[in-house]
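Participant: If you scroll down you'll find the structure; I have some questions about it.
The values are calculated or read from the model by the stated rules, or taken from the named source; none is laboratory data. As the structure is a prediction and not an experimental result, all values here were calculated from the model. Note: ideal-geometry Cβ built from the backbone for every residue, glycine included; neighbour counts use all protein chains shown. Note: accessible area is taken over every heavy atom of the protein model, side chains too, but ligands, DNA and RNA are not part of it. Shrake-Rupley method; radii C 1.70, N 1.55, O 1.52, S 1.80 Å.
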Amino acid sequence: ELSKLAGRVPIPVKENPAEPSAKVNILLQAYISRLKLEGFALVADMAFIKQSAARIMRALFEIALRRGWSSLAKLCLDFSNMVSYRVWRSQSPLRQFADVPEIVARKLERKSDIEWDRYSDLTASDIGELVGVPKLGRALHKLVNQYPRLEVGAQIQPITRSLLRVEVTLTPAFHYDVEVHGYQLLFHMIVEDVNGENILHHELFSLRSRESDQEHVLSFTVPILEPLQPAYFIRVKSDRWLHSVSALPISFNTMILPAKFPPPTELLDLQPLLPQALGEPALSR
């Protein structure tokens with residue numbers, strides 16, 4: 001049964017299915033892909049995958065976050081959400097809504113020439129023509145506008161040559177619905193270096209339903225690395241929604257750093273005096 005299941009998963013498994021790592025790989029792919037088991041031999045193992053996979057991925061995300069590994073942290077967070085929603089990252093983000101038909105989701109996935117960021121610019125009639133079902137255009141347009149999306153702006157101010165003050169402005173650009181999003185949404189704001197490997201600052205931002213139409217400002221400081229990098233990147237990523245990420249580069253090309261300060265007092269080239277010159281007998285002993 002495991003060998004048959006290995007032939008149905010989307011990513012080929014080269015190892016022998018009898019090996020533990022290959023078995024976990026096959027079952028995890030089958031769970032995310034919503035494949036049905038033909039027999040009862042793997043039901044207990046699939047139950048373990050269902051209960052533990054998302055928590056393990058979330059733990060790996062927390063470890064990578066504490067170690068300051070940016071790319072690994074983002075990858076683990078995506079895997080955690082893929083397991084939780086049982087949706088692949090390559091599939092349509094609208095699959096995370098329960099009321100999207102499977103046929104419509106597949107039609108959206110075939111339109112790979114249109115990036116997800118451009119869907120918010122489409123009208124209801126455009127989306128209806130895209131899936132070939134004009135009646136669903138208005139409903140899909142509503143779901144696109146409910147998908148969490150934040151607009152990010154930033155202002156920087158160097159305090160010293162090694163410390164940078166950053167003021168980030170976050171503006172919700174979606175329709176908040178309590179029934180869909182709950183009473184709050186969590187976002188991870190990560191400042192990373194130019195290579196996207198090291199986390200320079202991490203902050204958890206909570207967007208409450210009653211504040212969904214307001215502009216939010218966050219202020220913090222980050223170190224200025226030496227040698228000076230051309231830019232930093234601010235990424236605001238949703239804690240629970242795939243593809244809900246906004247990125248903003250902070251260019252240092254026009255930034256003017258403060259001058260390097262000399263020591264407070266320079267050492268003068270003077271001849272040392274004897275203690276008797278102080279005129280205090282107690283000090284000259």
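Participant: Taking the 0 to 90 degree range and rounding to the nearest ten, how far is the long axis of helix 137-146 tilted relative to the main principal axis of the chain, both from C-alpha atoms?
Facilitator: Around 30 degrees separate the two axes.
Participant: For the stretch 1-63 and the stretch 224-238, what is the centre-to-centre distance using only Cα atoms, to the nearest Å?
Facilitator: Cα centres, the stretch 1-63 to the stretch 224-238: 37 Å.
Participant: Residues of the stretch 143-178 with amide nitrogen under 16 Å from the 7 Å Cα-to-Cβ point of residue 217?
Facilitator: Correct set: 152-157, 165-172.
Participant: What pairs from 23/142; 237/260; 142/237 go past 29 Å between their alpha carbons?
Facilitator: In this structure, 23/142; 237/260 lie more than 29 Å apart at Cα.
Participant: Now for a separate question. What percent do you get for the relative contact order of the chain when only Cα pairs under 8 Å and 6+ apart count? Walk me through the intermediate numbers first.
Facilitator: Values: 400 pairs, mean separation 38.3, N = 285.
The value is 13 percent.
Participant: Hey, what do the phi angles of the stretch 186-201 turn into as Karplus ³J(HN,Hα) couplings, whole Hz, using 6.51/-1.76/1.60 and θ = phi - 60°, x for Gly and Pro?
Facilitator: So the J values, rounded to whole Hz, are 9, 10, 9, 9, 10, 9, 10, 6, 5, 8, x, 9, 10, 8, 8, 7.
Participant: Assuming R0 = 41 Å, what is the FRET efficiency of residue 255 and residue 3, from their Cβ-Cβ distance, to the nearest 0.05? Can you show the working numbers first?
Facilitator: On the way: r = 59 Å, r/R0 = 1.43.
Efficiency computed from Cβ-Cβ geometry: 0.10.
Participant: So, in Å, what gap is there between the alpha-carbon centers of the stretch 88-150 and the stretch 253-285?
Facilitator: Value for the Cα centre distance between the two parts: 70 Å.
Participant: Rounded to the nearest 10 Å², what accessible area does residue 226 have for a 1.4 Å probe in the complete protein model?
Facilitator: The accessible area comes out at roughly 130 Å².
Participant: With a probe of 1.4 Å, find how much accessible area the chain has per residue, and write the answer as a whole number in Å².
Facilitator: Per-residue accessible area for the chain comes out at 62 Å².
Participant: Rolling a 1.4 angstrom probe over the protein chains, ignoring ligands and nucleic acids, what is the accessible area of residue 114 in square angstrom, nearest 10?
Facilitator: Spelled out: residue 114, probe radius 1.4 Å, area about 40 Å².
Participant: Could you report the accessible area of residue 15 in Å², rounded to 10, computed with a 1.4 Å probe on the protein chains as they sit in the structure?
Facilitator: Near enough 90 Å² of accessible area.
Participant: First select every other residue whose beta carbon is under 12 angstrom from the beta carbon of residue 102; then total the charges, Lys and Arg +1, Asp and Glu -1.
Facilitator: On the way: positive: 34, 95, 106, 107; negative: 99, 109.
So the environment of residue 102 carries a net charge of +2.
Participant: A further question follows. I need the shape label for the stretch 1-111. Rule: rounded when a/c is under 1.5, else prolate if a/b > b/c, else oblate, with a, b, c from the alpha carbon gyration tensor. Display every interim value, and only then the final one.
Facilitator: Working: a/c = 1.79, a/b = 1.07, b/c = 1.68.
Since a/c reaches 1.5 but b/c is at least a/b, the shape of the stretch 1-111 is classed as oblate.
Participant: Using heavy-atom solvent-accessible surface (probe 1.4 Å) with all chains present, what is the largest-first order of 210, 118, 95, 161? Walk me through the numbers before you get to the answer.
Facilitator: Working: 210 170, 118 125, 95 45, 161 75 Å².
Ranking 210, 118, 95, 161 by accessible area, largest first, yields 210, 118, 161, 95.
Participant: With 25 Å as the cut-off, how large is the P(r) tail for the chain, expressed as percent of Cα-Cα pairs?
Facilitator: Tail of the P(r) past 25 Å holds 62 percent of the pairs.
Participant: Moving on to the next point. Quick one: pull the percent of accessible area on the chain belonging to carbon and sulfur, 1.4 Å probe, ligands and nucleic acids left out.
Facilitator: The value for the chain is 54 percent carbon and sulfur by accessible area.
Participant: For every other residue with a beta carbon closer than 12 angstrom to the beta carbon of residue 224, add +1 if it is Lys or Arg and -1 if Asp or Glu, then tell me the sum.
Facilitator: 0
Participant: Would you mind checking the tilt of helix 20-32 against the longest principal axis of the Cα atoms of the chain, expressed as 0 to 90 degrees and rounded to 10?
Facilitator: Taking Cα atoms only, the helix is inclined about 70 degrees.
Participant: Search the structure for amide H atoms under 5 Å from the amide H of residue 69, placed 1.01 Å from N in the peptide plane, and list their residues when 5 or more places away or on another chain.
Facilitator: Those lying under 5 Å, H to H, from residue 69 are 199.
Participant: Please give the helix 43-67 orientation as an angle from the longest Cα principal axis of the chain, in degrees from 0 to 90, rounded to the nearest 10.
Facilitator: That works out to roughly 20 degrees.
Participant: Once phi is turned into ³J(HN,Hα) by the Karplus curve 6.51 cos²θ - 1.76 cosθ + 1.60 with θ = phi - 60°, what whole-Hz value does each residue of the stretch 220-226 show in order, with x for glycine and proline?
Facilitator: 7, 10, 10, x, 9, 6, 10
Participant: Which order do 213, 117 take by accessible area at a 1.4 Å probe, largest first? Provide the component values of the computation, followed by the final result.
Facilitator: Numbers: 213 130, 117 110 Å².
Greatest to least solvent exposure: 213, 117.
Participant: Of 48, 125, 136, which is farthest on the positive side of the dipole of the chain, counting Cα position, with +1 on Lys and Arg Cβ, -1 on Asp and Glu Cβ, and the Cα centre as origin?
Facilitator: Most positive-ward Cα: 48.
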